[in-house]
Amino acid sequence: MHNFIAKVLNLKQIVTILGIESSCDDTSVAVIQNNTLLSSVIANQDVHKNYGGVVPELASRAHQSNIVPVMHEALLQAQVQLNDIDAIAYTRGPGLLGSLLVGSSFAKGLSIGLQKPLIEVNHLQGHILSHFLSEKDEQKEFPSFPHLSLLVSGGHTQIILVHSPYEFEILGTTIDDAAGEAFDKAAKVMGLSYPGGPIIDKLAKVGNPNKFKFAKPYVEGLNFSFSGLKTSFLYFLKDQLKINPNFIQENINDLCASYQNTIADILIEKVLKAIEITQIKTITLGGGVSANSEIRNRFEGLKFKGIKTFIPKIKYTTDNAAMIAIVGYYKFLKNDFSTLEAAPIARFGIN
Ligand code: KG4
Ligand code: ZN
C-alpha cells in the first residue's frame with residue numbers, strides 16, 4: 001500500500017510532511033512544505049527539573065499527554081488539515097526507548113488512520129539536515145555537498161562527512177563522554193541545575209575564560225574525549241575547596257568561562273584538523289550544544305580562515321520536529337518509506 005501511494009504522490013510539486021519528534025524530553029510536531037517550515041510546536045517537560053536529569057518513565061508519560069494537543073497546535077499554526085499531509089515522518093532513534101515508543105506508535109496510528117505513508121527518521125540526521133530548512137519567504141543559501149558537520153549534543157560528539165542528504169560518514173567521534181555531558185556533569189559538580197550547558201553558557205558571559213587552565217586530552221585522529229577534562233575539573237575543585245570552602249561561589253563565572261573555553265578549544269582543534277585532512281571547507285554546526293555562544297563565536301571566526309560555516313538558528317539547535325520533517329522530505333523524494341513493523345532503536349548509528 002505504502003509504495004503505491006508514494007509513487008503517485010511523488011509526482012507532486014509540493015510535498016507536505018508532518019514531523020514527529022519524541023526521542024528525549026521534548027514533544028514536538030512540525031509541518032513543512034518541501035524545505036519550507038509552516039509550523040513547529042515544542043512542549044518542554046518541566047517534570048525533570050528536580051531530578052538532575054531526564055527521568056525516562058516520566059518523559060514517556062509526558063509525551064503521551066502532550067502529543068495530541070501539540071499536533072493539533074502544529075496543524076492549526078500551519079493552516080493545514082490532516083488530509084493535506086503527504087507523509088508522516090517520525091524519529092525512530094536514537095533516544096529513550098519509552099519516549100520513542102510514544103512517538104512511533106502515534107505516527108503509525110496516524111498512518112493507518114489517514115492511509116498515508118510512514119517515514120522513519122534518524123534523529124542525528126535531523127540535526128545535520130536542519131540546515132536545509134527555510135522560513136516562508138526567506139532567501140537562504142543551503143550548504144553544498146560534500147560538506148562537514150560538527151554534531152554536538154547531550155549524547156553525541158561527532159565530525160561527519162555529509163556526502164548527500166542520504167549518505168553520512170563518521171570521521172571522528174567521542175571515545176567517552178559527549179560535549180553536552182561534559183557541560184552537564186561539570187554543572188552538577190558546581191551545584192547548578194539540569195541541563196547545565198545553558199547555565200554555564202550564561203554565567204560564562206561575565207567570566208574570564210583564561211583564569212583557569214584545564215588539561216586538554218590528547219586523542220588520536222579526529223576522535224574526541226571529554227571524561228578526562230571532567231575529572232580534572234572535579235579534582236581541581238576538590239583541591240581548591242580544601243583551601244577555600246567558598247571557592248565555587250566566589251569564582252563561578254570564571255570557572256564556567258574557563259571550562260567552556262576548554263571545550264570550545266577541543267572542538268575547534270578537531271574541526272580544523274578535519275578540514276585539513278579532507279580539504280573540505282564547508283562545515284555546519286548542529287545539536288543541542290550548538291546553542292553555546294562561545295562555540296558559535298568560534299565557528300563565526302572560522303570565516304576568517306576561508307571556511308564557509310553554517311550556524312543554526314537557536315530554535316533549530318534543541319530537539320525539534322522540523323528537523324525530522326526535513327529528513328522525511330528528502331526520503332519522500334526517494335520513495336524511502338517505512339513499514340509498521342519498524343521498532344524504535346535506542347542506540348542508532350548515523351546511517
Ligand atoms: O541535542 P539535544 O537537545 O539532546 C540530545 O539529543 O542530546 O542536546 C542537549 C544538550 C544538553 O547536554 C545541554 O546541556 C546542551 O545540549 N546545551 C548546551 C547549551 N544549550 C543546550 N550546552 C552548552 N551551551 C548551551 N547554550
Ligand atoms: Zn538531539
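Coordinate-derived values only; no laboratory data. Quantities reported herein were computed from a predicted structural model and do not represent experimental measurements. Every residue, glycine among them, receives a Cβ derived from its backbone with ideal geometry; neighbour counts consider all protein chains shown.
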Pairwise label distance in nanometres, Glu57 with Val189, each label 7 Å out on the Cα-Cβ vector
3.1
Of Lys211/Lys315; Lys213/Lys238; Lys185/Lys331; Lys238/Lys270, those spanning more than 26 Å from alpha-carbon to alpha-carbon:
Lys211/Lys315; Lys185/Lys331; Lys238/Lys270
Over the range 239-351, what is the mean sequence separation of C-alpha contacts under 8 Å (at least six apart), divided by residue count, expressed as relative contact order in percent?
20
Is the shape of the chain rounded, prolate or oblate, going by the alpha carbon gyration tensor and its root eigenvalues a ≥ b ≥ c, with a/c under 1.5 for rounded and a/b larger than b/c for prolate?
prolate
Across the range 38-55, in residue order, what do the Karplus-derived ³J(HN,Hα) couplings come to in whole Hz, using 6.51 cos²θ - 1.76 cosθ + 1.60 with θ = phi - 60° and x for Gly and Pro?
9, 6, 8, 10, 10, 9, 7, 10, 7, 4, 8, 3, 7, 10, x, x, 7, 9
Rounding to the nearest 20 debye, state how big the charge dipole of the range 154-197 is about its Cα centre with +1 on each Lys and Arg Cβ and -1 on each Asp and Glu Cβ.
220
Under the 7 Å Cα-to-Cβ spin-label approximation, Asp137 and Lys334 lie apart by a distance in nanometres of 3.5
Cα centre as origin, Lys/Arg/Asp/Glu Cβ charges: the chain dipole, Debye
420
Take each of the peptides 175-182, 103-110, 272-279, 321-328, average the number of other beta-carbon atoms within 10 Å over its residues, and list them starting from the highest.
321-328, 175-182, 103-110, 272-279
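Helix check for the chain. Which DSSP H runs span at least 18 Å along their own axis by Cα, with a mean Kyte-Doolittle hydropathy no less than -1.0?
Values: long enough: 56-78 (31 Å, 0.01); 97-114 (25 Å, 1.31); 227-243 (25 Å, 0.15); 247-278 (44 Å, 0.36).
Qualifying helices: 56-78, 97-114, 227-243, 247-278.
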Quick one: work out the % antiparallel among DSSP beta bridges in the chain, nearest 5.
60
Least to most buried among Arg347, Arg61 (fewest other Cβ within 10 Å first)
Arg347, Arg61
